[in-house]
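Since the structure comes first, as structure tokens, the remarks are kept for the end.
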Amino acid sequence: MNWRANTTVGSQRQMGIARMKLTKSKVLLAGCMAMAMSHSVLAKDIKVAIVGAMSGPVAQYGDMEFTGARQAIADINAKGGINGDKLVAVEYDDACDPKQAVAVANKVINDGIRYVIGHLCSSSTQPASDIYEDEGVIMITPAATNADLTTRGYKMVLRTTGLDSDQGPTAAKYIVETIKPKRIAVVHDKQQYGEGLARSVRDSLKKQGADVVLFEGVTAGDKDFSTLVARLKKENVDFVYFGGYYPEMGQILRQAKQANLTTRFMGPEGVGNSSLSNIAGAASEGMLVTLPKRYDQVPTNQPIVDALKAKKLDPTGPFVWTTYAALQSLTTAMERSGSQEPADLVKALKTGKPVETVMGPLSWDEKGDLKGFEFGVFEWHADGSSSAVK
């Protein structure tokens, strides 16, 4: 073998080794890419639609809902999400308007989202739920209390709040047994939520032998209630129950005080927030309101309260907690069922053991209503706070 031959053989050997190294590098790179791709497939975003009122007259309740949703999602993701999958909120504004709610529901479907926390108002929740039911999308409302929502045989609709049919009798019982008025007026805003509640209260009062001398509707959005106040004075009414929201209730309270009408007022959770006191001022002192439990005062919820306060957010709103619980319920159903199919999640919630939430253990009946939910009676104060009376 001469020198040139040895050189050629050595060169070929070096080239072979280089090719082997290159091949190994390619294999290693391909393996890393495969692992990365595998991880990206396994860990994915779970989009959840959060739908409520960002605008419109009751946007403050929407603030509560979105506050609860954002905090719940942050806390759930901080604990690893759902088997490594992260929740992502996609927020929509329906302004508590039925037509806008339908448009939003269609957009949720077009966006490919299969899980909805919302809507807020009963009047917007019901038409939106028609679309979700048809499309097989699970909807958990943290605020819609109208009983009709879950009496239509729908499978995909649940809620983490009580019913007007529970709230009405609670209010009526307190009125009859504690206040004991002689002449009662029941007023409402002609909307699904407000009128439904007013009818529930009126019917419960009549069953208990109370004298309801006036059942009157006003127009939502009006600001002049002088005619109503004059009618209340003429009828010698000594107690008024109002079914509706805080913008109208605030005006009625203020104008009643200006007219020296000394009757006491009561309303549902739709009137119970600080904006009422901003409108009515001192006239809001002593108003009665039915509300869910003060979940911000539950000791085990203190870390969430602290987290919200650190962000300068109000933890006292009832829908903060019912929304937080709705997301806990949704994700617990995913974990228990081992599925992300909406129908499987509904089954897990309706037939499984109670779900541990910030509201306590929650369970649902076949209609999607909570079992054993209770409202309490609170006295409202002019500074926007409330204290339990029952």
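The values are calculated or read from the model by the stated rules, or taken from the named source; none is laboratory data. Keep in mind that what you see is a predicted model, and the values were worked out from it rather than measured. Positions of Cβ are generated from backbone atoms using ideal geometry, with glycine treated the same way; all protein chains shown enter the neighbour counts.
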Inset, instruction - Would you mind stating whether residue 284 is touching a strand residue (DSSP E or B) at 6+ places or on another chain (Cβ under 6 Å) and of a type in the set (S, T, N, Q)? - result: yes
Inset, instruction - Please find, among 108, 58, 51, 116, the residue that is touching a Phe, Trp or Tyr at 6+ places or on another chain (Cβ under 8 Å), β-branched (Val, Ile, Thr) and modelled with pLDDT under 95. - result: 58
Legend entry - Residue under evaluation residue 86, criteria (1) surrounded by fewer than 24 Cβ atoms within 10 Å (Cβ to Cβ); (2) within 28 Å of residue 390 (Cβ to Cβ); (3) not assigned by TED's automatic domain parsing to the domain that holds residue 189, criterion not met: (2)
Inset, instruction - Being part of a helix (DSSP H, G or I) and touching a helix residue (DSSP H, G or I) at 6+ places or on another chain (Cβ under 8 Å) is the filter; apply it to the range 347-365 and report the residue that is surrounded by the most Cβ atoms within 10 Å (Cβ to Cβ). - result: 349
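Every residue, every condition in (1) touching a residue at least 40 places away in the same chain (Cβ under 8 Å); (2) in contact with a Ser or Thr (Cβ under 8 Å, 6 or more places away or on another chain); (3) assigned by TED's automatic domain parsing to the domain that holds residue 319, yes or no:
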{"residue": "79", "(1), (2), (3)": "no, no, yes"}
{"residue": "90", "(1), (2), (3)": "yes, no, yes"}
{"residue": "101", "(1), (2), (3)": "yes, yes, yes"}
{"residue": "104", "(1), (2), (3)": "yes, no, yes"}
{"residue": "111", "(1), (2), (3)": "yes, no, yes"}
{"residue": "119", "(1), (2), (3)": "yes, yes, yes"}
{"residue": "132", "(1), (2), (3)": "no, no, yes"}
Inset, instruction - Working only within the range 293-314, note down all residues that are touching a residue at least 40 places away in the same chain (Cβ under 8 Å) and closer than 16 Å to residue 384 by Cα. - result: 294, 313, 314
Inset, instruction - Please give the helices (runs of 4 or more DSSP H) falling wholly within the range 34-151 in which 3 or more residues are closer than 21 Å to residue 268 by Cβ and among the polar types (S, T, N, Q). - result: 122-135
Inset, instruction - Scan the range 306-350 residue by residue and report those that are among the polar types (S, T, N, Q) and at pLDDT 95 or above. - result: 322, 323, 328, 329, 331, 332, 337, 339, 340
Inset, instruction - Test residue 291 against the stated conditions and say whether it is at pLDDT 95 or above and under 23 Å from residue 179 (Cα atoms). - result: no
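For (1) crowded, with 16+ Cβ neighbours inside 10 Å; (2) farther than 30 Å from residue 114 by Cβ; (3) in contact with a helix residue (DSSP H, G or I) (Cβ under 6 Å, 6 or more places away or on another chain); (4) modelled with pLDDT of 95 or more, each residue gets a yes or a no:
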{"site": "164", "(1), (2), (3), (4)": "yes, no, yes, no"}
{"site": "171", "(1), (2), (3), (4)": "yes, yes, yes, yes"}
{"site": "182", "(1), (2), (3), (4)": "no, yes, no, yes"}
{"site": "190", "(1), (2), (3), (4)": "no, yes, no, yes"}
{"site": "228", "(1), (2), (3), (4)": "yes, yes, no, yes"}
Inset, instruction - Can you give me the ranges of the helices (runs of 4 or more DSSP H) entirely in the range 227-323 with at least 3 residues that are among the hydroxyl-bearing types (Ser, Thr, Tyr)? - result: 274-280
Legend entry - Any chance residue 203 is surrounded by fewer than 21 Cβ atoms within 10 Å (Cβ to Cβ), of a type in the set (Asp, Glu) and either over 28 Å from the mean Cα position of the chain (by Cα) or within 25 Å of residue 57 (Cα to Cα) (or both): no
